[in-house]
1. For region 69-91, which residues satisfy the criterion of being open to solvent by 60 Å² or more (accessible area, probe 1.4 Å) and modelled with pLDDT under 95?
2. Among the aliphatic types (A, V, I, L, M) and free of Cβ contacts under 8 Å to residues at least 40 places away in the same chain: which single residue out of Ala44, Ala53 fits that description?
3. Out of the residues in region 4-31 meeting the condition of being under 21 Å from Ala56 (Cα atoms) and open to solvent by 90 Å² or more (accessible area, probe 1.4 Å), tell me which one is farthest from the chain's Cα centre (by Cα).
4. Within region 31-80, which residues are closer than 30 Å to Cys14 by Cβ and small (Gly, Ala, Ser)?
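The values are calculated or read from the model by the stated rules, or taken from the named source; none is laboratory data. Just so we're clear, the structure is a prediction, and the values are computed from it rather than from any experiment. Every residue, glycine among them, receives a Cβ derived from its backbone with ideal geometry; neighbour counts consider all protein chains shown. Calculation scope for accessible area: heavy atoms of the full protein, side chains included, ligands and nucleic acids excluded. Shrake-Rupley method; radii C 1.70, N 1.55, O 1.52, S 1.80 Å.
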Amino acid sequence: MFVEQPERAIAVACKAIPSDPWRLGAVNVITTLTGSALIALAVAQGRLGVDEAWAAAHVDEDWNMAQWGRDEVALERRASRFAEMQAAVQVLQLTCSRWFPKR
């Protein structure tokens, strides 16, 4: 159900949206894969790592698996999506050393 968000929260989120096309594309991929623009923006700003973001995005799914058992086909799809998530995070890392220091 839609819940109106405070204007200040919307303004802060809008300011965090990258203008660089590579970073914006990576944030779009992460948003699609996690179902959360806020998780994607947190990753883009270095506030969440890829594993933390992935776990946060799958809390419900993990709980359901704990209750009802594992679905191997779904887990294979999830592994594929995680690889795509890692690639998007790598794009973020390569386009911004401010949040992701070079190793």
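1. Hits for region 69-91 are Arg70, Asp71, Glu72, Val73.
2. Going through Ala44, Ala53 in turn, the sole match is Ala53.
3. Looking at the filtered set, the residue picked out is Gln5.
4. Selection gives Gly35, Ser36, Ala37, Ala40, Ala42, Ala44, Gly46, Gly49, Ala53, Ala55, Ala56, Ala57.
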